[in-house]
Amino acid sequence: MSLQSYRMALNTKGLIPRTWRWVKRIFVFLFFFQFCYLLLLKWVNPPITLTQLGSLFSGEGLKRDYTGMKNISPYAKLAVISSEDQLFPDHDGFDFKSIEKAMKHNQKSKSLHGASTISQQVAKNVFLWQGRSWLRKALEVYFTFMIELLWGKRRILELYLNVSEMGKGIYGIEAASRHYYNKPAKNLTRQEAAMIAACLPNPRVFTIKPLSRHVAGRYPWILVQMTHLQDDPDIQKLIQ
């Protein structure tokens, strides 16, 4: 081996450890950055989310007005729990029975059923992007675990009601309430709250104005579920 070749070999051997050290530093930095951001959001609302950025850049606009739990109608809180995640007060972020049921359905049918809890949806909406991939799902599991650990149910529900898409370019219950009913979220009636909750699976398709067939058929069912759940003491702690 020539002297030049020997020096190149030494440089190559040294390059790998240096690259690995930089990768570890970047990983450690990103981990602590996301952890600090995640912890901060226990008290501070996210400045913007990836989904909201996509809405803004696509020309759909961004109607959003964060509001606190005390300024949200108890009916709105009860409606989204009744519609999206009736076991929300009881689970640790994941509803494994619903996940198993959805997996069995998806294996047999072309129409895919989801089983995301409110906590999982918040993890996705606040920290991640829309779409289906194993990477995004793995990150969703991590962030769901962390917000359940650090935030608590009431804060998770508050952010769910503030960052969820509730119409094209409309994010959060306050913006939705003012857009559809010309009133603040704290004044929503049972029926109005149930209609907003009925659009949540796909608010771009399941519209409130004009009233889509899905919303028209689903919101009466949500009203019935609200009646069944409203006296549950764990739910009462969350919605009052």
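What follows draws every value from the coordinates through simple rules; no lab data is involved. Since the structure is predicted, the reported quantities are computational estimates derived from the model, not experimental observations. Note that we place each Cβ from the backbone using ideal geometry, even for glycine, and neighbour counts take in every protein chain shown.
Select one label from [x] 58, 39, 32; [y] 54, 51, 30; [z] 83, 41, 37: the one whose number is Cα extents along the principal axes in Å as derived from the coordinates shown. Recomputing Cα extents along the principal axes in Å here gives the entry labelled [z]. One decimal place: the segment Lys24-Arg178 gains 50.7 nm when fully extended, by the rule 0.36 nm per residue minus the C-alpha distance. Peptides 170-183, 43-56 ordered by packing proxy, namely the average of other Cβ atoms within 10 Å per residue, highest first: 170-183, 43-56. About its Cα centre, the chain has a charge dipole of approximately 920 debye under the convention of +1 per Lys or Arg Cβ and -1 per Asp or Glu Cβ, with nothing else charged. Separation of the alpha carbons by more than 18 angstrom is noted, of Lys24/Lys124; Lys63/Lys209; Lys42/Lys137, for Lys24/Lys124; Lys42/Lys137. Placing unit charges on each Cβ (+1 for Lys and Arg, -1 for Asp and Glu) gives the chain a dipole about its Cα centre, and among Pro201, Phe127, Ile147 the Cα reaching farthest toward its positive end belongs to Phe127.
If the chain linking Ile48 and Leu150 were pulled fully straight, counting 0.36 nm for each residue of separation and taking away their Cα-Cα distance, it would gain 34.7 nm.
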